[in-house]
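K.L.:
Sharing a structure here in structure tokens format.
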Amino acid sequence: MKLAALVSFALAMVAMIGPLSAADAKSPLDFKVDNIEGKPIDLSQYKGQVVMIVNVASKCGLTPQYKQLEEVYSKYKDKGLLVLGFPANEFGKQEPGTNQEIAQFCTGKYNVDFPMFSKMVVKGEGISPLYQFLTSKDTNPGMDGEIKWNFEKFLVGRDGKVVKRFAPPIKPDAPQVVEAIEAELAKK
């Protein structure tokens, strides 16, 4: 096979399966991940929307942020906001449950309606490619650095680029978060 055909084939495969690593991605929305039911989801379907990516946990002092996440999502979803929850167990083992248990907790206690995804590693050994992208200086300069705790928030603009990062204690309905969401939603 000629080199041009091999390159074309490789590019077609990457387009089908998503980036092979965080370094291959241009946006956090270039990844494929499993939703909370285990179904593969291509995050590129969310390009053109404003997306908040949050690592979440059910047994954390910040867990009540689920309520504010749902309220912000409900208020702005018709304008183009999407909240994506990624359960993680790296901080104090505060997300020990199975995906099914996590889903039941989120809907039962907080009426979560925004998309939830399968538990993943967001820091350290085995870090998911999505979170490797979000925390790497090479792929997300200016907003890079390890995830500090549960409920760290990344705001992705309609163009697929990360525009803001909010520390875990900053609530999803805090003025600076709402201001950033509204500014991104105003961009068409």
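No value in this document is a laboratory result; all are computed from the given coordinates. Since we're looking at a predicted model, the values are computed, not measured. Cβ placement follows ideal geometry from the backbone for every residue including glycine, while neighbour counts extend to all protein chains displayed.
K.L.:
Residue farthest toward the positive end of the dipole of the chain, with Cβ of Lys/Arg at +1 and Asp/Glu at -1: which of Ile127, Pro40, Leu82?
P.N.:
The Cα lying farthest towards the positive end belongs to Leu82.
K.L.:
Picking from Phe105, Ile147, Val72, whose Cα lies most toward the positive end of the charge dipole for the stretch 22-186 (charges on Cβ: Lys, Arg +1; Asp, Glu -1)?
P.N.:
With unit charges placed on the Cβ atoms, the residue in question is Val72.
K.L.:
Okay, next question. Amide H neighbours of Phe31 under 5 Å, at least 5 residues apart or on other chains, H built in the peptide plane: list them.
P.N.:
Leu43, Ser44
K.L.:
Please list, or write none, the lysines whose alpha carbon is within less than 22 Å of the alpha carbon of Lys161, excluding same-chain residues fewer than 8 places away.
P.N.:
Lys161 reaches Lys26, Lys32, Lys47, Lys77, Lys79, Lys123, Lys137, Lys148, Lys153, Lys171, Lys187, Lys188.
K.L.:
On C-alpha positions alone, give me the angle between the axis of helix 65-76 and the longest principal axis of the chain, in degrees, nearest 10.
P.N.:
Tilt relative to the chain: about 70 degrees.
K.L.:
Any idea what % of Cα-Cα pairs in the chain are farther than 24 Å?
P.N.:
Summing the P(r) tail past 24 Å for the chain gives 36 percent.
K.L.:
I've got another one for you. Once both axes come from the Cα atoms, what is the angle between helix 175-186 and the longest principal axis of the chain, in degrees from 0 to 90, rounded to 10?
P.N.:
Once rounded, the angle reads 40 degrees.
K.L.:
Under a 5 Å amide H to amide H cut-off, with H placed in plane at 1.01 Å, what residues pair with Gly160 once short-range neighbours are removed?
P.N.:
Gly48
K.L.:
Now for a different question. Could you give the dipole magnitude of the stretch 105-184 about its Cα centre, charging the beta-carbon of Lys and Arg +1 and that of Asp and Glu -1, in debye to the nearest 20?
P.N.:
180 debye
K.L.:
Where nothing but the Cβ of Lys and Arg (+1) and of Asp and Glu (-1) is charged, how large is the charge dipole of the stretch 22-186 around its Cα centre, in debye to the nearest 20?
P.N.:
Here the size comes out at about 180 debye.
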